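Visitor: Pasting a structure below so you can have a look.
The values are calculated or read from the model by the stated rules, or taken from the named source; none is laboratory data. Computed from a predicted structure; not experimentally measured. When we count neighbours, we look across all protein chains shown, and the Cβ atoms used for this are built from the backbone with ideal geometry, even at glycine.
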Amino acid sequence: MGVNRINRINEEIKKEISAVIRELKDPRIAEMTSVIAVDVTKDMRWCKVFVSVLGDDARQDGTLKGLKSAAGFVRKEIGHRLGLRYTPEVLFHLDHSIAHGAHINEVLHKIGGES
């Protein structure tokens, strides 16, 4: 499968998963949950979904549990909405890059203030 096709599928799935997450009624899922990236394998069997959750560790863990619980529903919805012949299994992962970037920015700010 071509790289362009996989990239296009990644973007379409990212957009649809974002929409489905906003529609979920699970109280464990934080309102400020963002889909950062989607990585579908070339054989279309697996889809890693990286999400960012604003809040403390307990809120992030609760959101991840809620998303994992809803993975089957999310898979069914994206398959239906996108008309895919085979819909990949959805695996949710927390993405800590925003928090990591904020920490680096804070460290750089402290270093700049000491000069």
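Visitor: For region 1-59, give me each residue that is aromatic (Phe, Trp, Tyr) and either within 12 Å of the chain's Cα centre (by Cα) or crowded, with 16+ Cβ neighbours inside 10 Å (or both).
Guide: Passing the criteria: only Phe50.
Visitor: Now, a different point. Being within 15 Å of the chain's Cα centre (by Cα), of a type in the set (S, T, N, Q) and surrounded by 15 or more Cβ atoms within 10 Å (Cβ to Cβ) is the filter here; which residues of region 70-102 pass it?
Guide: The answer is none; no residue qualifies.
Visitor: Here is a list of conditions, (1) modelled with pLDDT under 95; (2) among the aliphatic types (A, V, I, L, M); (3) closer than 15 Å to Ser18 by Cα, and Val38 meets all of them except one; can you say which number that is?
Guide: (1)
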